[in-house]
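Note sheet for the following structure.
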Amino acid sequence: MVPTAEALQIARERGTDLVEVAPNADPPVCRLMNYGKFLYERAKKERGARRSQKQTEVKEIRLRPKTGEHDIAYKLRDARRFLQKGAKVKVRIRFRGREVTHPELARELLDRVAKDLSDVAVVEQEGHMEGHTMLMILSPDRG
């Protein structure tokens, strides 16, 4: 327990900074430290933490309501490969012209995709309309 003026004097003598670390405590807690070095070390630690985080990649497969069976199988094979590598998969069904009046076709196709990939994926976001497209997001099954 040292008065503020005396603490500032001690900090000047030692060539350090007086830093308030717990302002809500009674009495407030201060520390003698090199504040610039403290900020540098904290920023360095945050950079290291960001570097060690795993970024999840989002891959996309695009289909149309009239996409053929073979083409769907091909796209599903790609989606399965993406999911096994740990990436999320965004399934986009794009409507052209008057196809948008039949969203039930796209819903059926999305249900089929989710069912076919259910062994390696879980539905993270159900199919929903965004303009002239219907989207669904699948994430790898961690089970």
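Remarks
- Debye equation applied to the C-alpha atoms of the chain, log10 I(q)/I(0) at 0.12, 0.18, 0.19 Å⁻¹: -0.61, -1.00, -1.06
- MRE, 222 nm, helices only [DSSP H, n ≥ 4, -39500 (n - 2.57), over the chain, to nearest 500]: -13500 deg cm²/dmol
- Virtual paramagnetic centre 7 Å along Cα→Cβ of GLU41, amide N under 14 Å, in the range 16-35: 17, 19, 31-35
- Amide H contacts under 5 Å for GLU60, placed H, 5+ residues apart: LYS90
- Residues whose amide H falls under 5 Å from that of ASP141, counting only those 5 or more places apart or on a different chain, are ALA121, VAL122, with hydrogens built in the peptide plane.
- Take the Cα of VAL100, step 7 Å toward its Cβ, do the same at GLN84, and the gap between the two points is 3.8 nm.
- Value of relative contact order over the chain, rounded to a whole percent, pairs C-alpha under 8 Å and six or more apart: 18
- Taken one residue at a time, the phi angles of the range 29-42 give Karplus couplings (6.51, -1.76, 1.60, θ = phi - 60°) of 9, 10, 9, 8, 7, 8, 5, x, 5, 4, 5, 4, 5, 5 Hz. Gly and Pro are set to x.
- In loop segments of the range 82-143 as defined by DSSP, the trypsin sites (Lys or Arg not before Pro) with at most 15 further C-beta atoms inside 10 Å of their C-beta are LYS85, ARG96, ARG142.
None of the figures in this text is laboratory data; all of them are computed from the coordinates on show. None of the values given here were measured: they were computed from a predicted structure. Quick reminder, even Gly has a Cβ in these numbers, built from the backbone with ideal geometry, and neighbours come from all protein chains shown.
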